[in-house]
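Inspection log for the structure reproduced underneath, given as structure tokens.
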Amino acid sequence: MKDVLFALGSGQSKKLDLDPALRVPLATALADYAPDLHEMLAGLDSEYVLKAGQDTPPWEAGGIYHMSVHNTVFRKTLRAVAEDPQAYALLRMAETRTAAERLAAVPADATGTELSLPPTKNARALGILNGMADAATHGKDKDQARAWRAAVLNNLLDGQASPKSDQDPHAAHLTTAWLQNLKNASEEERFDRLRTQGVDMARTWSQERKMDEQTQQGLLAKVEGSALSAYREIKP
């Protein structure tokens, strides 16, 4: 997979002209690397930065092999893949599952960075995907952009990108709760609700932890800021 990403994304041009038939297969393949997708979207783990070089092989940690590529290669390829709404939904669902797993893994007695990093990191990854969505619809007319967004939402909500049955029960609950909240929003509001996913998932999680209001509000402000900062890195 690493060789494929470098082959596609390491050219000099700013935009990758990708065969449309390859977008969904590539998204499916990337979704199988969901933990790596999460780390490369967020861009905060130094190990992924240090091991992103083309000649650096995948590495093993905890019985799982991981891979990383340079940020420029990753983002250029992801932009091209995300032009297909089904491919974008696959990537979004993969990140949703991982985000839920990261929240579910936070210890009950966590404080400080141990408490705040998972939701803010999730929001950063999801903010990057928000920017990818805007890039995918940039230059389209209103009807085309509306159709792309509707296709993304349909793929997320009709089961084509549903949560995996082998997900941790708490993580699966967070995933399902977010999908239900998205479904409950009016059709006109759903894509805007998608943009606030990082905050919405963090709010559900913090409420279920019975976090005190002051801590919760401070955390959600950080989460919102993280998502917005990441989005601004990508928006066209």
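In segment 60-85, what residues are surrounded by fewer than 17 Cβ atoms within 10 Å (Cβ to Cβ) and among the charged types (D, E, K, R)? Break it down into steps so the answer makes sense when it comes.
So the first thing to find is which residues in segment 60-85 are surrounded by fewer than 17 Cβ atoms within 10 Å (Cβ to Cβ), and the list is 60-65, 71-72.
Passing the criteria: only Glu60.
If the requirement is being out of contact with any Asp or Glu (no Cβ under 6 Å at 6 or more places or on another chain), over 25 Å from Ala27 (Cα atoms), touching a residue at least 60 places away in the same chain (Cβ under 8 Å) and aromatic (Phe, Trp, Tyr), which of these qualifies: Trp205, Trp148?
Trp205
Test Pro57 against the criterion of being loosely packed, with under 14 Cβ neighbours inside 10 Å, of a type outside the set (Phe, Trp, Tyr) and modelled with pLDDT of 95 or more, and give yes or no.
Criteria not met by Pro57.
Go through segment 34-56 residue by residue and tally those that are of a type outside the set (D, E, K, R) and free of Cβ contacts under 8 Å to residues at least 24 places away in the same chain.
The number of residues fulfilling the criteria is 7.
Looking at (1) under 21 Å from Ala42 (Cβ atoms); (2) at pLDDT 95 or above, find the lone condition where Glu208 falls short.
Checking Glu208 against (1) under 21 Å from Ala42 (Cβ atoms); (2) at pLDDT 95 or above, the one that fails is (1).
Can you find even one residue in segment 45-64 that is polar (S, T, N, Q), over 20 Å from the mean Cα position of the chain (by Cα) and in a helix (DSSP H, G or I)?
Within segment 45-64, not a single residue is polar (S, T, N, Q), over 20 Å from the mean Cα position of the chain (by Cα) and in a helix (DSSP H, G or I).
Run down Ala99, Ala94, Ala87 and say which single residue is under 16 Å from Arg209 (Cβ atoms) and touching a residue at least 12 places away in the same chain (Cβ under 8 Å).
On the way: Ala94 fails: under 16 Å from Arg209 (Cβ atoms); Ala87 fails: under 16 Å from Arg209 (Cβ atoms).
Unique residue meeting the criteria: Ala99.
For segment 16-38: of the residues being in a helix (DSSP H, G or I) and either touching a strand residue (DSSP E or B) at 6+ places or on another chain (Cβ under 8 Å) or among the aromatic types (Phe, Trp, Tyr) (or both), which is surrounded by the most Cβ atoms within 10 Å (Cβ to Cβ)?
The residue in question is Asp36.
The values are calculated or read from the model by the stated rules, or taken from the named source; none is laboratory data. These numbers come from a predicted model, not from an experiment. Backbone-built Cβ (ideal geometry, glycine too); neighbour counts: all protein chains shown.
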